[in-house]
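The values are calculated or read from the model by the stated rules, or taken from the named source; none is laboratory data. The model shown is predicted, which means the values in this text are computed figures rather than measured ones. Backbone-built Cβ (ideal geometry, glycine too); neighbour counts: all protein chains shown. Just the protein is used for accessible areas: all its heavy atoms, side chains included, with ligands, DNA and RNA removed. Shrake-Rupley method; radii C 1.70, N 1.55, O 1.52, S 1.80 Å.
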Amino acid sequence: RAGSGWKAGPKNLGLTTSGEFGPILTTVVGDAIRGQVRWGHWEQGANGPVAVLRYLVPAEISHYTLSVGVAGKGVAPQASAYHGEIAVDPASGNIVRLTIESELKPPHQIFDSSIEVEYGPVTIGGATYICPVKGVALSKVSFPSEDTKSPDPTAPPQVFLNDVSFTEFAELHGK
């Protein structure tokens, strides 16, 4: 399963994501075709017009998991409802961008997660492939107050940002 996680505690405060390089695309496209896909809009891409489709995946069919943890309470993996966009180059059929925005239900609504992955041509071993070239993950967490089970409305949320460029692609040779 592709997913994203946030964990809070003395030694593991921060944002961890996984699956941007491969599994996330398979997960989203597989879920989206079983969910709802509709036309979004045209936008100008680096090489011409890009078709943008919007999708919505309910939690009941989702394979996108988030691991939401609060200090002292452990980590609870949860299949999340989510929505986003899939941008496609109509000339080649290649996906050029994928976005994901989670839709968590109580008690995990204190956590908000978004991911964007950009794809582009990469030369590996003399051949050109479409691969992830950039990934951005943004999470916002409102911490519960010490004496209640609800977020403290006066406390500002903590924001975590991962901004990754995928570089130095290489051909792997197995035995």
- Only listed residue being in contact with a strand residue (DSSP E or B) (Cβ under 9 Å, 6 or more places away or on another chain), open to solvent by 70 Å² or more (accessible area, probe 1.4 Å) and either over 19 Å from Ile115 (Cα atoms) or at pLDDT below 95 (or both), chosen from Ala59, Ala46, Ala2, Ala76: Ala46
- Item | Selection count, segment 45-64, where residues are part of a loop (DSSP other than H, G, I, E, B) and hydroxyl-bearing (Ser, Thr, Tyr) | 2
- Task: Considering only segment 148-173, state which residues are part of a loop (DSSP other than H, G, I, E, B), modelled with pLDDT of 65 or more and either within 30 Å of Cys131 (Cβ to Cβ) or open to solvent by less than 70 Å² (accessible area, probe 1.4 Å) (or both).
- Result: Ala155, Pro157, Phe166, Thr167, Glu168, Phe169, Ala170, Glu171, Leu172, His173
- Evaluate the following for Val136: is it surrounded by 14 or more Cβ atoms within 10 Å (Cβ to Cβ), outside any loop (DSSP other than H, G, I, E, B) and modelled with pLDDT under 75? no
